[in-house]
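Bear in mind that the values in this text are calculations on the coordinates, not laboratory data. Fair warning: this is a prediction, and the values are worked out from it, not measured in the lab. With ideal geometry, Cβ positions are generated from the backbone for all residues, glycine too; neighbour counts draw on all protein chains shown.
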Amino acid sequence: MTRRLVLLDPNDELRKPSEDVLVDQIGTDELNTLIDDMKETMRLENGIGLAAPQINIHQRLIVIDTGGETGVQAFINPKILSKSIRSVETEEGCLSVPGVWGMVKRRRAVKVEALDPEGNTLTINAVGLMAIVFQHEIDHLNGILFIDKVTEYTKHPKM
Ligand code: ZN
């Protein structure tokens, strides 16, 4: 497993929308190595989520580790199918925006469809932290950073 370099804001590469992973790529050594490298990079950086564009790969692939019993999981081509009406505002940070924290309002629950690394379709009813991480990471795939949505900074180098 290789630690990949995490791009830091501001960087135009973080703003490019990512493309779907092709079905033909699923199960290949190349994609599995990328997934392993993303998990390793997230672990070494103490992150709870990482999206492929953060390591300059513009494909719709994310890894999440919210510390639950499911462990570290990879999600390919994640799509939000539905969102709760209720929102929550929580403090977020990002490996691509070090030293900055702020409050972001997101949906409390989201239903996500994705493929696992074996190509099986998953439907995840995410609530709480898992729901927030999904929304944060899927934003990365669309070139959106949490700082675009911050209502109030809680930690910023200029504070
Ligand atoms: Zn992030």
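Pairs of alpha carbons in the chain separated by more than 29 Å make up 12% of all such pairs. Per-residue Cβ neighbour counts within 10 Å put Arg86, Arg107, Arg15 in the sequence Arg86, Arg15, Arg107, beginning with the fewest. Label sites at Ser87 and Asn56, each approximated as a point 7 angstrom past Cα along Cα to Cβ, lie 3.5 nm apart. Please identify the longest segment of the chain free of exposed GluC sites (Glu not before Pro), where exposed means a DSSP state other than H, G, I, E or B and no more than 11 other Cβ atoms within 10 Å. The longest such stretch corresponds to 1-68. FRET efficiency for the Asp29 to Lys155 pair, using the beta carbon distance and R₀ = 35 Å, is estimated at 0.30.
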